[in-house]
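The values are calculated or read from the model by the stated rules, or taken from the named source; none is laboratory data. Predicted model only: the values in this text are computed from it and were never measured. Methodologically, a virtual Cβ is constructed for each residue, glycine included, from the backbone with ideal geometry; neighbour enumeration extends over all protein chains shown. The accessibility values were calculated without ligands, DNA or RNA, using every heavy atom of the protein model including side chains. Shrake-Rupley method; radii C 1.70, N 1.55, O 1.52, S 1.80 Å.
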Amino acid sequence: MTAFPPPAIERRGELIIVRDDRIEGGTKVRALAPLLAARPEAAVVYASPAEGYAQLAIAVAAREAGKTAHLFLAQRPRGQHATSEAARRLGAV
């Protein structure tokens, strides 16, 4: 499994910003990838809203863990959202 880079820490005045956008799928992938890797199942199934970003995180985490992500998406009148298309490109079915 890929070792993820540490989050970037930025200071802007009095604010401290923790950025994890360098990881495809974001912060959720840090927790999901090892969790899925520890499971014996070959696949993960997720029911997602049409425009949710968790579907992308699950696709990335499943790929990292050597699993297949099966996504069930809510119907969207204008076709698939860009996030859904990205999840498919990452191997989700």
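General observations
- Summed residue charge, Cβ within 12 Å of residue 8's Cβ, Lys/Arg positive, Asp/Glu negative: 0
- Per-residue HN-Hα couplings for the stretch 53-63 [Karplus 6.51, -1.76, 1.60; θ = phi - 60°; Hz; x = Gly/Pro]: 8, 4, 4, 5, 4, 5, 4, 5, 4, 5, 4
- Here the chain has 57 percent of its accessible surface on carbon and sulfur atoms, given a 1.4 Å probe and all protein chains in place.
- Heavy-atom accessible area per residue - the chain, 1.4 Å, Å²: 64
- For the stretch 1-87, the C-alpha radius of gyration sits at 1.24 times the compact-globule guess of 2.2 N^0.38 Å, with N the residue count.
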